[in-house]
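The values are calculated or read from the model by the stated rules, or taken from the named source; none is laboratory data. Since the structure is predicted, the reported quantities are computational estimates derived from the model, not experimental observations. Ideal geometry is used to build each Cβ from the backbone, glycine not excepted, and the neighbour counts take in all protein chains shown. Ligands, DNA and RNA are stripped out before the accessible areas are found, and what is left, the full protein with its side chains, is counted by its heavy atoms. Shrake-Rupley method; radii C 1.70, N 1.55, O 1.52, S 1.80 Å.
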Amino acid sequence: MLRFAIHRLNTEREDFGSAMITQMQVKGLMFDPYNNAYIVILRDEDQSEMLPIWVGKSEASSISLAIENVAPPRPMTHDFMKTYLDAFNAKVISVVITDLTEHTYFAKIHLTYADSEYTVDSRPSDAIALALRTQAPIFASESVIRKQSSEELDQWLENLKPEDFGKLDS
């Protein structure tokens, strides 16, 4: 289920204060057998930063279909959202992973409609799935990238084995 709140922006871009954002690309999905969850792997263009975001199976499935450019026989929620936005000539400008608090990521979808700009609070998995369908860029705030760069994560990544990188179950 998509959960979001819409806020109208009075400026051309949301004010992130002095926060910097980095453009990220979805590099793939993997299964985390230790947490029985899927992970969306985001990387920056230089491959110097990585942002793993744990998501549920249905969210992973939706992201996987978008990555592989597969159209389901019936529209899924994110396909419906894209169709809905297209019907009203609304455009997704970008998606920003804005915060990480107590192991929970937060995101915003930036869109334009009728010469106004809006921001929509969203779960990162929904924002990423929609961004992939609309070819909108995905960004992460530098504070989120710094917060996730913990020793725990580095240790978890070092313990991964090749067999942990299984194919996504559809």
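Scanning region 121-142 for residues that are at pLDDT below 95 and open to solvent by 40 Å² or more (accessible area, probe 1.4 Å) gives a single hit, E142. The set of residues from region 62-80 being more than 15 Å from R123 (Cα to Cα), surrounded by 15 or more Cβ atoms within 10 Å (Cβ to Cβ) and not small (G, A, S) comprises L65, I67, M76, D79. Being open to solvent by 20 Å² or more (accessible area, probe 1.4 Å) and free of Cβ contacts under 8 Å to residues at least 40 places away in the same chain is the filter here, so list the residues in region 86-99 that pass it. Once the filter is applied, which keeps residues that are open to solvent by 20 Å² or more (accessible area, probe 1.4 Å) and free of Cβ contacts under 8 Å to residues at least 40 places away in the same chain, region 86-99 yields D86, A87, F88, N89. Look at region 51-79: where a residue is in contact (Cβ under 8 Å) with a residue 60 or more places away in the chain and over 23 Å from S141 (Cα atoms) and a partner is assigned to a helix (DSSP H, G or I) and open to solvent by 30 Å² or more (accessible area, probe 1.4 Å), sitting 6+ places away or on another chain with Cβ atoms under 7 Å, you get A66/L132. Screening R74 against (1) at pLDDT below 95; (2) assigned to a strand (DSSP E or B) leaves a single unmet condition, (2).
Looking only at residues in region 100-116 that are crowded, with 17+ Cβ neighbours inside 10 Å and of a type outside the set (V, I, T), the one that is nearest to I145 (Cα to Cα) is L100.
Every test in (1) polar (S, T, N, Q); (2) touching a residue at least 60 places away in the same chain (Cβ under 8 Å); (3) more than 16 Å from S122 (Cβ to Cβ) is passed by T83 save one, and that test is (2).
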